[in-house]
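Okay, so here's the structure we're looking at.
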Amino acid sequence: MTSDQSTISRRDHVAGPAGATRLFAAGSADLASHEAAFGPLPAMDLALLIDELLQSGLDGRGGAGFAAWQKLASVPAGGRRPVVVANGAEGEPLSQKDAALLHNAPHLVIDGILIAGRSLGARELHLYAGAKQLVPVARALEERREARIRLHEAPDTFISGEAAAAISAISGGLAIPRDRTKRLSDSGLNGRPTLVHNVETLAHLALIARFGSTWFRGVGTGSAPGSRLITLSGNSAGPRVYEIPTGVHLTEILLSTGIELPSVRAALVGGYHGTWLAADQLDAPFSKEGLAPVGARTGAGIVMTLDSGSCGLAATADILAYLSGQSARQCGPCTNGLPAIARLFARLAYGDTNGKLPQEISRLAVLVTGRGSCAHPDGTARLASSALMAFAADVEAHLRGRCEALR
Ligand code: SF4
């Protein structure tokens, strides 16, 4: 059965939104607007849902970017009843897209949870997000008494959104990651098979279940289909959330939002655990494949520009100081390595001209990578290493006692 044949009966006369503005197409957060825009909630058995997601090419929008179909397929059938967790915790200070989604389209996220949960035969459904984001979801759930979804408040810390930290918090523990060797799909919440998906991923899943994979692929590129939410900040502007066709070039994103390219010194792509790209690397497509050649990832869809009058080394030093203070201090690399990297980077950024600083930062970055119970050391090390590359001329200038940006 083709993916189109499998979904025809569920489309119920409502056409999928045209263009790239899909997730916010209802225009209002209430149930009537939601149903008018998207039609009724479809039911889908697991095999068809997995097939439709496979055809769609949807990947996770929370950061790691796993294929959505693969996560669903990896939840074992037969044994203990699985659990579904929607993760809307945005500990990353530069990300606001999940908050925007939960405030403007909570019913789409609820649909995604219900469709995934019913296909898996899950009885327990959970949504985990910051306190402010739970308010519109609770309001939406009052309109849908049949949707029994338990809400859990995520603390406002950088690592609270990590999947294992979310499971720990929901089960009453601290919101910190635990054993990275355990697969949540096998043994997650209370030892049950657990599907953890980012809320944006679930919202796309709800649309794919309604309108099919061919519709989903109507925007984006062949290897990076669909739309995605991004949070854009920098150049003296606060964070703004946009829905873009996946694979559009970074320069296009900046130009379409009114940012003039000569005013951009660099951009941090993928958030605080992301990668600095120099101005001449900004023509890369915003997709997994498009960013790979320049060593970057989409992460949770974050782009922060650095204006031409700002120092990238100082900006990086400030972020590293924040990140080193955000670990759970339960693993060696976080307890010792990250504060050391942050200290050395601050010296480089703020006046120490010791020529050995860059090598020592690089050495520590290699040393901490892959050594924690979660990816916090890896992401922090990636940020530090990418700054040394993207701002290589600034590093040379700082070691001569000058700053190229602030001269
Ligand atoms: S690596 Fe760091 S943040 Fe991750 S679990 Fe260990 S101490 Fe916590």
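The values are calculated or read from the model by the stated rules, or taken from the named source; none is laboratory data. Just so we're clear, the structure is a prediction, and the values are computed from it rather than from any experiment. Counting neighbours? That spans all protein chains shown, and the Cβs are built from the backbone with ideal geometry, glycine included.
Going through Ile149, Ile170 one at a time, which residue ends up being buried (at least 24 other Cβ atoms within 10 Å of the Cβ) and in the same structural domain as Pro40 (by TED's automatic domain parsing)?
Working: Ile149 fails: buried (at least 24 other Cβ atoms within 10 Å of the Cβ).
Checking each option against the conditions leaves just Ile170.
I'd like the full set of residues that are assigned to a loop (DSSP other than H, G, I, E, B) and more than 25 Å from Gln96 (Cβ to Cβ), limited to the range 312-333.
Arg329, Gln330, Cys331
Mind checking which pairs have a first residue in the range 369-384 that is assigned by TED's automatic domain parsing to the domain that holds Ala64 and a second that is more than 9 Å from the ligand (Cβ to nearest atom) and in a helix (DSSP H, G or I), Cβ under 7 Å, 6 or more apart or different chains?
Final answer for the pair search is none.
All but one of (1) at pLDDT below 95; (2) aliphatic (A, V, I, L, M); (3) over 28 Å from Thr157 (Cα atoms) hold for Leu357; which doesn't?
So Leu357 meets the others, but not (1).
From the list Ala384, Ala349, Ala390, exactly one residue is in contact with a strand residue (DSSP E or B) (Cβ under 9 Å, 6 or more places away or on another chain) and either within 15 Å of Cys311 (Cβ to Cβ) or crowded, with 16+ Cβ neighbours inside 10 Å (or both). Which is it?
So the residue among Ala384, Ala349, Ala390 that is in contact with a strand residue (DSSP E or B) (Cβ under 9 Å, 6 or more places away or on another chain) and either within 15 Å of Cys311 (Cβ to Cβ) or crowded, with 16+ Cβ neighbours inside 10 Å (or both) is Ala390.
Scan (1) modelled with pLDDT of 95 or more; (2) touching a Phe, Trp or Tyr at 6+ places or on another chain (Cβ under 8 Å) for the single condition Gln326 breaks and write down its number.
For Gln326, the exception is condition (1).
Looking only at residues that are in a helix (DSSP H, G or I) and among the small types (Gly, Ala, Ser) in the range 256-299, which one is surrounded by the most Cβ atoms within 10 Å (Cβ to Cβ)?
The extreme case among them is Gly290.
Could you list, in sequence order, all residues of the range 356-398 that are among the basic types (Lys, Arg) and within 13 Å of the ligand (Cβ to nearest atom)?
Of everything in the range 356-398, just one residue is among the basic types (Lys, Arg) and within 13 Å of the ligand (Cβ to nearest atom), namely Arg371.
Return only the number of the condition from (1) more than 26 Å from Pro177 (Cβ to Cβ); (2) within 23 Å of the chain's Cα centre (by Cα); (3) among the small types (Gly, Ala, Ser) that Ala314 does not satisfy.
All conditions are met except number (2).
Mind checking whether some residue in the range 334-355 is acidic (Asp, Glu), away from the ligand (no atom under 13 Å from the Cβ) and not in a helix (DSSP H, G or I)?
Of the range 334-355, the ones acidic (Asp, Glu) are 352.
When the remaining residues are screened for being away from the ligand (no atom under 13 Å from the Cβ), the result is 352.
Subsequent filtering for residues that are not in a helix (DSSP H, G or I) retains 352.
Yes, because at least one residue in the range 334-355 is acidic (Asp, Glu), away from the ligand (no atom under 13 Å from the Cβ) and not in a helix (DSSP H, G or I).
Based on what the data block shows, is Pro106 at pLDDT below 95 and not aliphatic (A, V, I, L, M)?
no
Being not in a loop (DSSP other than H, G, I, E, B) and not acidic (Asp, Glu) is the filter here, so list the residues in the range 35-52 that pass it.
Ala36, Ala37, Phe38, Leu46, Ala47, Leu48, Leu49, Ile50
Any residue in the range 246-264 that is closer than 30 Å to Pro42 by Cα and not assigned by TED's automatic domain parsing to the domain that holds Ala67? Reasoning before the result, please.
Step one: list which residues in the range 246-264 are closer than 30 Å to Pro42 by Cα, which gives 246-247.
Right, trim to not assigned by TED's automatic domain parsing to the domain that holds Ala67 and you get 246-247.
Checked against the condition, which is being closer than 30 Å to Pro42 by Cα and not assigned by TED's automatic domain parsing to the domain that holds Ala67, the range 246-264 yields at least one hit.
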